[in-house]
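Peer 1: Please find one structure pasted underneath; my questions will follow.
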Amino acid sequence: MKIIILILIIFCINNIAYADVSKYIESYYRCAENESYKTFSQVIKGGASISDVEKQAVIDREVSQELGTNFIYLDLADCIKIALNNNFDIKIQDAVKMQAFWQNKNSQFQLLPDIYYNFDIKNLEGEYLVGGIVATTTHEVPVQSLAVLEWSTINQGKYFFMLAQTRNALKGAKANLEYTKEEIIKNTVLAYYDTLQQKMEIEVQKVNLYDRLEQLNYTKGRFEAGIGTLYDVKRAEAELAGAEQDYTRTLNSLRLKQAALANVMGVDIFDAIYPFEIHIDKRELINPDVDIEKLYEQALESREDIRAKIAEINVYRAQRSANYTDIIPAVTLSYQNGLVGTKRVGLSAHNSITLDVRAYLGKNLFMGTITQIKADSELVKQKKLELINLKRRIKEDILTSYYDSLNALKKIEASKVETEAADVSLDLSLTNMKAGEATFIDVIASQNLKVQANINLIKNMIEYNKAQTNLLFDIGIISPDNVLKDYKQRYY
């Protein structure tokens with residue numbers, strides 16, 4: 001029953017179809033309800049007889065209880081899918097795109113004439129000047145009822161430049177929306193890896209806690225047997241207390257990383273998103289042998305923010321060019337049809353066609369036009385410089401991500417050697433101490449080396465995967481398919 005409820009809860013979140021979790025969930029509850037494995041220390045002692053999934057299930061259960069929250073198990077593919085459907089930055093940019101879409105439609109219809117109805121009635125009573133000279137006294141009620149069609153033609157040519165502005169603004173909005181989606185994919189992957197790193201470090205810290213406790217019990221036994229020192233006991237107690245603090249910090253960091261992941265996914269930050277993976281694999285997304293200059297050339301062709309900036313430049317170019325239309329005559333054609341007259345003599349049919357042409361010498365004796373053109377030219381220049389600066393920053397980002405990947409690869413190989421040596425070192429120090437050939441200080445040093453080596457390996461693996469993700473983003477080809485290339489849910 002518990003399995004069914006948990007699966008339904010997971011399935012209902014945001015109506016997103018998640019990966020098949022039955023194997024993991026079944027193992028989780030089988031282990032959680034198994035009386036043989038009630039604590040992590042018992043799992044360590046009997047570790048050879050249970051699977052990695054069952055071992056992780058016990059850790060998950062204890063961590064969940066310690067944090068006072070229920071985990072929502074998701075993999076990387078699920079997190080990306082949810083983020084693209086729920087992230088608020090994407091929703092905002094989509095609204096901006098739709099606003100630009102309708103603004104462009106509005107500019108297209110500016111060429112159509114205005115049609116309106118006008119009704120006017122007055123009560124004229126008293127003395128008036130006729131022809132501005134002869135005074136006369138009258139009482140009239142003039143009335144006019146007219147249907148009017150008014151067409152300002154192309155509005156001195158500004159129509160075409162306004163159309164160019166809104167068209168390029170729409171292109172920029174679409175590019176910004178796509179760029180935002182790419183950025184959210186990247187941020188989701190990075191936040192997921194941060195959370196996964198904390199999850200795996202928790203296991204390291206839990207093993208460390210158990211080892212420190214075993215070392216404390218061992219030193220107490222030696223002290224009580226008269227072959228150890230009180231110093232060793234106190235030092236072991238201090239090491240255990242330090243390990244408890246490290247574990248607590250890791251727990252707190254996990255919860256904060258979960259909140260950050262939930263936030264970028266657009267779900268409630270109180271939802272404790274928990275990665276499926278219990279192993280971390282090195283995932284090569286970009287060939288390390290590729291020429292970095294080719295990566296930059298690809299970025300110039302693929303980056304959506306570059307397209308958005310070019311569209312913005314074109315908007316301001318059209319705005320600048322529109323100023324030259326100040327010297328083009330303004331032509332307005334008006335047609336009126338209706339009834340006019342007075343209450344006393346009645347209404348008569350009225351038809352009129354008016355062509356109004358006004359020629360301007362620019363604005364403010366053309367000085368206003370010239371200064372506005374110069375101001376808009378500087379604005380275009382500013383946007384071009386921003387584009388150059390953007391391309392330089394992209395080049396730097398590609399260089400950084402590229403070498404971060406190469407350095408992480410080297411550190412991974414070194415970490416593997418370090419972890420293997422640390423495990424052997426700890427075993428030898430314990431054996432030598434029992435044989436009287438080493439001190440407890442040697443054991444402590446070996447234990448510290450083991451913990452740091454395991455954390456370093458996890459950190460370097462995550463660092464490589466994050467650098468590869470950043471590189472995909474930097475060259476403008478990040479997508480759910482590309483970032484999930486050869487991805488497998490490692491919960492087994």
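The values are calculated or read from the model by the stated rules, or taken from the named source; none is laboratory data. Not measured: the values here are computed from a predicted model. Heads up, the Cβs are rebuilt from the backbone with ideal geometry, glycines too, and the neighbour counts pull from every protein chain shown.
Peer 1: Take the stretch 274-298 and flag every residue that is in contact with a Phe, Trp or Tyr (Cβ under 8 Å, 6 or more places away or on another chain) and either without any contact (Cβ under 8 Å) to a residue 60 or more places away in the chain or not in a loop (DSSP other than H, G, I, E, B) (or both).
Peer 2: Residues satisfying the conditions are TYR274, PRO275, ILE292, LEU295.
Peer 1: Which of the residues spanning the stretch 130-156 are out of contact with any strand residue (DSSP E or B) (no Cβ under 9 Å at 6 or more places or on another chain) and part of a loop (DSSP other than H, G, I, E, B)?
Peer 2: So the first thing to find is which residues in the stretch 130-156 are out of contact with any strand residue (DSSP E or B) (no Cβ under 9 Å at 6 or more places or on another chain), and the list is 131-134.
Result: GLY131, GLY132, ILE133.
Peer 1: May I pose another question? Which residue is nearest to GLN93 (Cα to Cα), if the candidates are limited to the stretch 166-218 and must be among the β-branched types (Val, Ile, Thr) and touching an Asp or Glu at 6+ places or on another chain (Cβ under 9 Å)?
Peer 2: Filtering the stretch 166-218 for residues among the β-branched types (Val, Ile, Thr) gives 166, 180, 184-185, 188-189, 195, 202, 204, 207.
Among the residues that remain, those that are also touching an Asp or Glu at 6+ places or on another chain (Cβ under 9 Å) are: 180, 184.
Working: THR180: 7, ILE184: 12 Å.
Restricting to residues being among the β-branched types (Val, Ile, Thr) and touching an Asp or Glu at 6+ places or on another chain (Cβ under 9 Å), the top hit is THR180.
Peer 1: May I ask you to say which residue of LYS410, LYS416 is farther than 23 Å from GLN298 by Cα, part of a helix (DSSP H, G or I) and without any contact (Cβ under 8 Å) to a residue 24 or more places away in the chain?
Peer 2: LYS410
Peer 1: Let me ask something else about it. Would you confirm whether or not the stretch 62-71 contains a residue that is farther than 30 Å from VAL207 by Cβ and crowded, with 19+ Cβ neighbours inside 10 Å? Walk me through how you get there before you give the answer.
Peer 2: Taking the stretch 62-71 as the starting set, the residues that turn out to be farther than 30 Å from VAL207 by Cβ are none.
So far as the stretch 62-71 goes, no, none of its residues is farther than 30 Å from VAL207 by Cβ and crowded, with 19+ Cβ neighbours inside 10 Å.
Peer 1: Moving on to the next point. Test ALA259 against the stated conditions and say whether it is farther than 26 Å from LEU471 by Cβ and buried (at least 20 other Cβ atoms within 10 Å of the Cβ). Outline the logic, then answer.
Peer 2: Values: farther than 26 Å from LEU471 by Cβ: yes; buried (at least 20 other Cβ atoms within 10 Å of the Cβ): no.
Taking the combined requirement at face value, the residue does not satisfy it.
Peer 1: Between a first residue in the stretch 216-236 that is free of Cβ contacts under 8 Å to residues at least 60 places away in the same chain and more than 18 Å from GLU437 (Cβ to Cβ) and a second residue that is of a type in the set (Phe, Trp, Tyr) and surrounded by fewer than 19 Cβ atoms within 10 Å (Cβ to Cβ), which pairs have beta carbons less than 7 Å apart while being 6 or more apart in sequence or on different chains?
Peer 2: Close Cβ pairs (under 7 Å, with a partner that is of a type in the set (Phe, Trp, Tyr) and surrounded by fewer than 19 Cβ atoms within 10 Å (Cβ to Cβ)) amount to LEU230/PHE223; VAL233/PHE223.
Peer 1: Moving to a separate point now. Filter the stretch 126-154 for residues that are among the polar types (S, T, N, Q) and at pLDDT below 85 and give the result. Don't jump to the end; show me each part of the working.
Peer 2: So in the stretch 126-154, the residues among the polar types (S, T, N, Q) come out as 136-138, 144-145, 152-153.
Answer for the stretch 126-154, where residues must be among the polar types (S, T, N, Q) and at pLDDT below 85: THR136, THR137, THR138, SER152, THR153.
Peer 1: Is it true that some residue in the stretch 244-262 is farther than 30 Å from ASP211 by Cβ, of a type in the set (Phe, Trp, Tyr), in a helix (DSSP H, G or I) and touching a helix residue (DSSP H, G or I) at 6+ places or on another chain (Cβ under 8 Å)?
Peer 2: Scanning the stretch 244-262, I find no residue that is farther than 30 Å from ASP211 by Cβ, of a type in the set (Phe, Trp, Tyr), in a helix (DSSP H, G or I) and touching a helix residue (DSSP H, G or I) at 6+ places or on another chain (Cβ under 8 Å), so the answer is no.
Peer 1: Hey, another quick one. What is the residue count in the stretch 360-382 for residues that are farther than 16 Å from GLY157 by Cβ, among the polar types (S, T, N, Q) and modelled with pLDDT of 85 or more?
Peer 2: So the count comes out to 3.
Residues checked against (1) in contact with a Cys (Cβ under 6 Å, 6 or more places away or on another chain); (2) surrounded by fewer than 21 Cβ atoms within 10 Å (Cβ to Cβ); (3) more than 30 Å from SER107 (Cβ to Cβ); (4) of a type in the set (D, E, K, R):
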{"site": "ALA175", "(1), (2), (3), (4)": "no, no, no, no"}
{"site": "GLU178", "(1), (2), (3), (4)": "no, yes, no, yes"}
{"site": "TYR193", "(1), (2), (3), (4)": "no, no, yes, no"}
{"site": "LEU196", "(1), (2), (3), (4)": "no, no, yes, no"}
{"site": "GLU201", "(1), (2), (3), (4)": "no, no, yes, yes"}
{"site": "THR219", "(1), (2), (3), (4)": "no, no, yes, no"}
{"site": "PHE223", "(1), (2), (3), (4)": "no, yes, yes, no"}
{"site": "ILE227", "(1), (2), (3), (4)": "no, yes, yes, no"}
{"site": "TYR231", "(1), (2), (3), (4)": "no, yes, yes, no"}
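Quick grid of which residues meet (1) at pLDDT 90 or above; (2) surrounded by 14 or more Cβ atoms within 10 Å (Cβ to Cβ); (3) within 21 Å of the chain's Cα centre (by Cα):
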| residue | (1), (2), (3) |
| --- | --- |
| ALA77 | yes, yes, yes |
| LEU84 | yes, yes, yes |
| ALA95 | yes, no, yes |
| LEU111 | no, yes, no |
| LEU124 | no, no, no |
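Peer 1: Could I ask something else about it? Right, LYS105: surrounded by fewer than 15 Cβ atoms within 10 Å (Cβ to Cβ) and part of a helix (DSSP H, G or I) or not? Full working, then the answer.
Peer 2: Working: surrounded by fewer than 15 Cβ atoms within 10 Å (Cβ to Cβ): yes; part of a helix (DSSP H, G or I): yes.
Considered against the rule, which asks whether it is surrounded by fewer than 15 Cβ atoms within 10 Å (Cβ to Cβ) and part of a helix (DSSP H, G or I), LYS105 comes out as yes.
Peer 1: Which residue out of LEU409, LEU390, LEU426, LEU449 is on the phi < 0 side of the Ramachandran plot, over 40 Å from the mean Cα position of the chain (by Cα) and surrounded by 14 or more Cβ atoms within 10 Å (Cβ to Cβ)?
Peer 2: Result: LEU426 is the single residue among LEU409, LEU390, LEU426, LEU449 that is on the phi < 0 side of the Ramachandran plot, over 40 Å from the mean Cα position of the chain (by Cα) and surrounded by 14 or more Cβ atoms within 10 Å (Cβ to Cβ).
Peer 1: Kindly indicate whether ALA421 is part of a helix (DSSP H, G or I), surrounded by fewer than 17 Cβ atoms within 10 Å (Cβ to Cβ) and in contact with a helix residue (DSSP H, G or I) (Cβ under 8 Å, 6 or more places away or on another chain).
Peer 2: yes
Peer 1: Could you list, in sequence order, the residues of the stretch 65-74 that are touching a residue at least 24 places away in the same chain (Cβ under 8 Å) and in a helix (DSSP H, G or I)?
Peer 2: Within the stretch 65-74, GLU66, LEU67 qualify.
Peer 1: Continuing with the same structure: Which ones in the stretch 339-356 are within 60 Å of the chain's Cα centre (by Cα) and over 18 Å from ALA147 (Cα atoms)?
Peer 2: Once the filter is applied, which keeps residues that are within 60 Å of the chain's Cα centre (by Cα) and over 18 Å from ALA147 (Cα atoms), the stretch 339-356 yields only ASP356.
Peer 1: What is the one condition in (1) over 17 Å from ARG61 (Cα atoms); (2) within 30 Å of the chain's Cα centre (by Cα) that VAL233 does not satisfy?
Peer 2: (2)
Peer 1: If you take the residues in the stretch 433-444 that are in a helix (DSSP H, G or I) and loosely packed, with under 15 Cβ neighbours inside 10 Å, which one is modelled with the highest pLDDT?
Peer 2: Taking the candidates together, the pick is ILE441.
Peer 1: For the stretch 172-207, how many residues meet the condition of being within 9 Å of the chain's Cα centre (by Cα) and aromatic (Phe, Trp, Tyr)? Working first, answer last.
Peer 2: Taking the stretch 172-207 first, the residues within 9 Å of the chain's Cα centre (by Cα) are 180-188.
This time we only want the ones that are aromatic (Phe, Trp, Tyr), so: none.
The number of residues fulfilling the criteria is 0.
Peer 1: Taking GLN205 as meeting all but one of (1) surrounded by fewer than 14 Cβ atoms within 10 Å (Cβ to Cβ); (2) under 30 Å from ILE82 (Cβ atoms), write down the number of the exception.
Peer 2: GLN205 satisfies all of (1) surrounded by fewer than 14 Cβ atoms within 10 Å (Cβ to Cβ); (2) under 30 Å from ILE82 (Cβ atoms) except (1).
Peer 1: May I ask you to say which residue of VAL315, VAL357 is touching a strand residue (DSSP E or B) at 6+ places or on another chain (Cβ under 8 Å), closer than 21 Å to GLN156 by Cα and either assigned to a helix (DSSP H, G or I) or not polar (S, T, N, Q) (or both)?
Peer 2: None of the others qualify; the one that does is VAL357.
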